[in-house]
Structure formats: C-alpha cells, structure tokens
Amino acid sequence: MKIVFIVKQLANGGAEREAVAFANELVKMGEEVHVVSIVDSKDDYVVDKRIHRHLLHGDRITIPRLKGACNQLLMASLLRKIHGDVVLPFYVTFHLAVLLSGSRLIYTVRTNLEKELPKKSDCLRRKLVCRFAEGIWIQTEEQRHFFAEKFQNKLFEVHNILDNRFLQIHKQPADKIMRFISVGRLQPQKNQRLLIDAFGKMIRRTGNVLATLTIYGRAHSDFLWQEKELRAQVEELGLKNRVFLQGWVKDIEKRYEEADAFVLSSDYEGCPNALMEAMAAGLPCISTDCPTGPSMLIRSGKNGLLVPVGDVEAMSRAMEYLIEHPKEASRLGDAARQRMCEWGTAQEQAEQLRENLRRICLE
C-alpha cells in the first residue's frame, strides 16, 4: 500500500509530529510511505530514511491572488505523479488538490472543528469534503459529534501515538511542588495568557516564594505577536524571575523529568500530545476541561485535575492545591502514568490505522 501524508512543515506542531510518527511506524511495517511538506523548514522531527519526501514549490508564486489556485494545481500534479493508494492531509488547505488528483482522500481530524473552523463557509466546505472522502480519521470518540449521521459510517478512531521515551522517564516523588511547566505553541488557542494570570494570582494569594512556571513552545509565523504580548504580561505582573518562556527545545523529555507538575490551559484541543507526554512521565497534571481530548485522558481527582475553560480562579486554586498537597500530587502523577501505560504502543496505533486504510482501499 502506498500512503501519502501532507503536512505544512516538519516542525512546530502536534499534527506534524503525529504525521511523522505514523509515517515512521508504517514504513517499518513495509508500507511505501510518502510525506509532502509545503514549507521548507528545519526539521524538528526525525523522519525515517526509507520515507519518500517531497516539497511543494509553491513559494515560487508571488502573486497573492494566484498563489492559492496555483498551489492546488501543483499539489494535484504532484499527487498524480506519486499515485498513492490513499492520501492523508494533515493540512486542510489541500483537500481539493487531493480530489483533483483522483486519489482516495482520508479526512483527518486533528483539532476541535467547531472552534478551529467555526464559520458557516467552513462547515459547508467540510460537508462537501466529507461527501467525497473515502474515510474520516478521528482521534477521540468526542469528535464524532462534528459529523452528520450520513457520514458516521466513514468514521474510524485511531488515537495519537505516544512516544515510548516519555514512559521511560523515572521520576522520584517530589517533596515539594515548585516547578510547573507547560508545553505548546504560543498562540491564542493555548491561552498561555490565562495560565500566567492564574500563576500570578496564586503567588499573590499564597505569598509563595519558590514556585516557578516555565513555558516551552514557539510561535508560528502568524502569531509572532503572541510571544511579545506574553513577555509584556510577565513584566507587567512582576513575574520576570518566576515565569520563563523558553521556546522550543529538542529534549523536552528532560524538561518533564526536571519538573514537578504540568499545566495545560487550552481553550480547545484535538487530542493534546503534551498532556499525554506529561502524564506518561508521571507528572501530576492540571488541564482545562476543554473540548476535545483532556476528559478522555484525565478523570478529575483520580489521575489529574480538570478545571473549567477560561477560569483563572479555578486554575490558580488547582496549582495551589498541588503545592499544598505534595503526597496527593505524587499519587495523581502515578495514576496518570498508569493511564498512559495502558494507552497502547506506537506499533499498535499504526497497525490500527493500516487496517482501516486497507479496508478503505478494498471497498
């Protein structure tokens, strides 16, 4: 089977990381795998050398009004040359190009569609694409409600791959909860502004002089203003020596190992990789109960803490709770790790995907 993934770039995103993870596993299984990227960027993720890599040369087009249409035609032409059995776009712009190429389209859901693509035109486009898609890949059961009854028979659920190196982290129980971390791109969806506000509120209320918050992640080119605003917020709240924006790091597993607790402040998610990784590392985790993803991973009070979306006070109180109850925090971390031990291996998730793709190709 010849499988084609389309990604924007091989960097800076959970969707891109998952595409590479599945591509790497599928090529190990003997499948012919192609990865098409739109932007030529420095690779953050290691791509198996057996994978065929392609770069769309749409950046040569400089007239804005022509660029979109020309890129569609360039992509369609490239896909016809590859002649894949199935194409999985992790970059929604090119659904039309896949259909124009005559390839089997697998619609991949990597986020909360109602939040990321809320406009009426987006909904109409989604319905049209789903009509012609051969299959629809969802990450969580919760994502089924994005689709009308007539599309339900096209849905198949395959969870994100969890890199085994996070389960290999062996943390000692923390006597004190001091080092909070958060991991994610710097963009409004992740709502790091709320996280910084909540941390500052906790510091002011408790008078804590030890706790720190470190945020790992960088801004996409469309959101470069976000980092500037977050740094200004830290300065304004007087947290310059307590809150640190460290950018993207390659050895993120070491940061989980050094941390005492993890916080996710997103307004919405697909299935949050960073939360999965932190839980696998055995960290006590706080997350907004955002649609979709966190409630599939965390049972609040059992293996982590869920707080309402956008609630600064609740987030602040949850951080305070972990600081004041280190033994309970340790118990939550152990339970979180156990939840991810039951998640399934990368090979098992990739095998599930392969079985569904084979079924679609045979129909």
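Just so you know, all these numbers are worked out from the coordinates, no wet-lab data involved. From a predicted model like this one, the values you see are computed outputs, not experimental measurements. Quick reminder, even Gly has a Cβ in these numbers, built from the backbone with ideal geometry, and neighbours come from all protein chains shown.
Summary table below
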quantity	calculated
log₁₀ of I(q)/I(0) at q = 0.15 Å⁻¹ - the chain, Debye sum with one point per alpha carbon	-1.32
Spin-label zone in region 258-299 - amide nitrogen under 20 Å from a point set 7 Å from the Cα of H170 along the C-beta vector	258-260, 278-284
Computed [θ] at 222 nm, helices only, for the chain once each DSSP H run of length n ≥ 4 contributes -39500 (n - 2.57)	-13000 deg cm²/dmol
Cross-link reach list, lysines versus K28, counting only Cα pairs under 16 Å and skipping chain neighbours closer than eight places	K2, K49
Summed side-chain charge close to L353 - residues other than L353 whose Cβ falls under 12 Å, Lys, Arg +1, Asp, Glu -1	-4
Positive-end residue of L322, W225, L275, charge dipole of the chain with Cβ unit charges	W225
Karplus (6.51, -1.76, 1.60) ³J(HN,Hα), θ = phi - 60°, over region 290-297, in Hz, Gly and Pro reported as x	8, x, 10, x, x, 5, 6, 9
Tilt relative to the chain, helix 224-236 - C-alpha long axis, 0 to 90 degrees, to 10	10
Acute angle (nearest 10 degrees) that the helix 120-132 long axis makes with the longest principal axis of the chain, alpha-carbon atoms	50
Lysines whose Cα lies under 18 Å from that of K228, excluding same-chain neighbours fewer than 8 positions away	K190, K240
Amide H partners (placed H, <5 Å) of F5, local residues excluded	H34, V35, V36, L88
Size of electric dipole in the chain: Cβ of Lys, Arg +1 and of Asp, Glu -1, about Cα centre, debye, nearest 20	840
With Cα atoms, 0 to 90° folded angle of helix 346-362 axis to the chain main axis	30
Descending principal axes extents, region 164-341, alpha-carbon based, whole Å	38, 36, 29
Under Karplus coefficients 6.51, -1.76 and 1.60, residue-wise ³J(HN,Hα) of region 255-266 in Hz, glycine/proline x	5, 5, 5, 7, 7, 10, 7, 10, 9, 10, 10, 4
Given the chain, longest segment not containing exposed loop trypsin sites (Lys or Arg not before Pro) (DSSP; at most 15 other Cβ within 10 Å)	51-118
Region 65-110-region 202-225 distance, computed between alpha-carbon centres (Å)	38
